[in-house]
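J.: One structure is given below, represented as structure tokens, and several questions about it will come after.
Each value in this text was obtained by applying a stated rule to the coordinates, not by laboratory testing. Since the model is a prediction, treat every value here as computed from it, not as a measurement. Please note: Cβ atoms are built from the backbone with ideal geometry, for glycine as well, and neighbour counts cover all protein chains shown.
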Amino acid sequence: MLVKQSAVLCRRLGPLCRTFASWKDYELVAKRLDREFPAEDPRMVNAYRIRTLALELDDFIDDPRAVLKEKDAAGIVNHWKHIYDARLHATVYPEMAEDKESCQGESSSWEHDRISVEKDPSKQVADLANASTIRRAREVDRAMQKDRAHRIKN
């Protein structure tokens, strides 16, 4: 009875209170995987890899022998992609993340590029995982704009 009451209380307090998760807790599993395995790209994982990574986390999944269904794996990957894309976006555009400005245009553009590449892999689109390249390109663009503004003033 006490276990059931504490489970209800923890669900009311939020997902961070719980130490165990089931495969149905898509958001909780995705957040934990993103935090523990930041180098993993959720676009490249399958259900077996998700299960392997989640079981590497000590005492995280409440029933390790439970079968990870394809639907649950897809839900976890979907949440993980959004978290991963947001983290990359904050890395590439740190000044916007600090100012809490809306970057919805760039974010939705990235999402559109990712979806179009998944549908047709022959398309060449800049890889989201290469945030340093995008950051360098933005710095060069800013330097060119400053140089152009300086020449116009003189």
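J.: So what J values fall out for segment 39-55 if you push phi through Karplus, 6.51 cos²θ - 1.76 cosθ + 1.60 with θ = phi - 60°, rounded to Hz, Gly and Pro as x?
T.: After applying 6.51 cos²θ - 1.76 cosθ + 1.60, I find 7, 6, 9, x, 6, 10, 9, 10, 4, 5, 5, 4, 4, 4, 5, 5, 6 Hz.
J.: Please give me, ordered by residue number, the trypsin sites (Lys or Arg not before Pro) of segment 39-94 that lie in loop per DSSP and have at most 13 other Cβ atoms within 10 Å. All intermediate terms of the calculation are to be shown ahead of the outcome.
T.: Working: sites: Arg43, Arg49, Arg51, Arg65, Lys69, Lys71, Lys81, Arg87; in loops: Arg65, Lys69.
Answer in residue order: Arg65, Lys69.
J.: Moving on. What are the ³J(HN,Hα) values, in whole Hz, obtained from phi via the Karplus relation 6.51 cos²θ - 1.76 cosθ + 1.60 with θ = phi - 60°, for each residue of segment 84-90 in sequence order, with x given for Gly and Pro?
T.: 4, 4, 5, 5, 5, 5, 5
J.: Cβ under 14 Å from Tyr48's Cβ, Tyr48 left aside: what net charge do those residues give with Lys, Arg +1 and Asp, Glu -1?
T.: Around Tyr48, the charge tally is -1.
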